[in-house]
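What follows is a set of notes on a single structure, which appears directly below.
Computed from the coordinates by the stated procedures, all read-outs in this text should not be read as laboratory data. Note that this is a predicted model, so its numbers are computed, not measured. A quick note on method: Cβ atoms are made from the backbone with ideal geometry, for glycine too, and the neighbour counts reach across all protein chains shown.
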Amino acid sequence: MIRPDTPAKRLAGLLLLVLLTGLALLYALTSGSIDIPAKTVLQILTGSSGNVDNNQLSVIVLQLRLPRALAALVTGALLAMAGAFMQVLLRNPLADPYVLGVSGGAAVGALVALMLGLGSAMISGSALVGALASMLLVFGLSHRRNRTHSEHLLLTGIVVATGWGAVISFLLSASPDQQLRGMLFWLMGDLSHTRMPALESLVLLACLIISLPLAPRLNLFVHGPLRAAALGVAIQPLQWTIFVLASVMTATAVQLAGAIGFIGLVVPHIMRRLIGSDHRYLLPASALGGAILLLLADTLARTVLSPMLLPTGVLTALLGVPLFLYLLNRKLA
């Protein structure tokens, strides 16, 4: 493992993650019910494939696998970055993007759209509206006297998430049987019907660009708001910025792929061991690590019981639970 002693070694770690992300993307494009050689995939991506067989394979790669793989990459990056932000905001290593009820609001919006039989664009839009509404509700209820305490924010988020869970249970019990399977798959996290994530990619890029100048203040904030304030950090605007960025990233990921757990919880822990706690390196490293993990999980979901497709969220849970328990035991040892 690379020891994060110096900036050069941290940069080397980031370059290694970039390489692994490319390999994970290539693995996702080559694997499936029909295995396609990596050389053929590269020819298709570069437009140099000319024969009939390659033209048929290009439909599989460009129209089926590439949109799903890119959606997994973007979703994993968004969730991992959101998890890193939430752990800073709440100063709690067990915080993840779903702890404040944002995913619950998104799920309610998406399930209502599914019950009404609306199209995929309306489902995504409804999920995004529900997530943003939940974000405003949680932060509004926890904001008192121009101050927002992390404990109050956490408790408010847990209560709101519990309320959304009750609404979800009601919607599932009241939904028609023919729609129930699709709703359950969406709740477990599913990339089967994703599209090319152009807008979501722009959201990821914008959040990364906005977040990097915040990194020095985040490095101070993790030691407590009082110490950060004594060193000149404006606490309230920073809290607002962290919460909005994390919520927007979570909402964008949830409306794209459903509720996929453990990415935002596990990946920041792994990256801290590889890269260190400096958020100038931790945030992009978390994005790359989340992309790698979700790409691998989604590829396994497509191939492990092929031709049957598993919900991607099931694989992330199966991978995330033992991995997090291992990391936790290593930390306590």
Checklist entry - Residue farthest toward the positive end of the dipole of the chain, with Cβ of Lys/Arg at +1 and Asp/Glu at -1: which of SER286, LEU25, GLY313? => result SER286
Checklist outcome for this item: Once both label points are put 7 Å beyond Cα along the C-beta direction, the SER277-GLN236 separation in nm becomes 2.8 nm
Checklist outcome for this item: Extension length gain for THR6 and LEU205 (0.36 nm per residue less Cα distance), in nm, is 69.0 nm
Checklist outcome for this item: Note to self, the chain gives a 222 nm [θ] from helices alone (DSSP H runs n ≥ 4, -39500 (n - 2.57) apiece, / all residues, nearest 500) of -25000 deg cm²/dmol
Checklist outcome for this item: Note: GLU151 to ALA174 extended length (0.36 nm per residue) minus current alpha-carbon separation gives 4.8 nm
Next on the checklist: Just to be sure I follow: if Rg is taken over the C-alpha atoms of the chain and Rh is the Kirkwood radius over the same atoms, what is Rg/Rh?
Outcome noted: 0.98
Next on the checklist: Suppose each label sits 7 Å from its Cα in the direction of the beta carbon; what would the MET196-VAL159 distance come out to in nanometres?
Outcome noted: 4.6 nm
Checklist entry - Kirkwood hydrodynamic radius of the range 183-315 from all distinct Cα pairs, in Å? => result 16.4 Å
Checklist entry - How are the Cα pair distances of the range 185-234 distributed, in percent, across 10 Å bins from 0? => result 21, 27, 22, 21, 9
Next on the checklist: Among VAL59, VAL203, ILE270, which residue has its Cα furthest toward the positive end of the charge dipole of the chain, with +1 on Lys/Arg Cβ and -1 on Asp/Glu Cβ?
Outcome noted: ILE270
Checklist entry - GNM on the chain, C-alpha springs below 10 Å: top fluctuator among MET308, MET188, MET135? => result MET308
Item to check | From phi via Karplus (6.51, -1.76, 1.60), per-residue ³J(HN,Hα) for the range 183-190 in Hz, x at Gly/Pro | outcome: 5, 5, 4, 4, 5, 7, x, 9
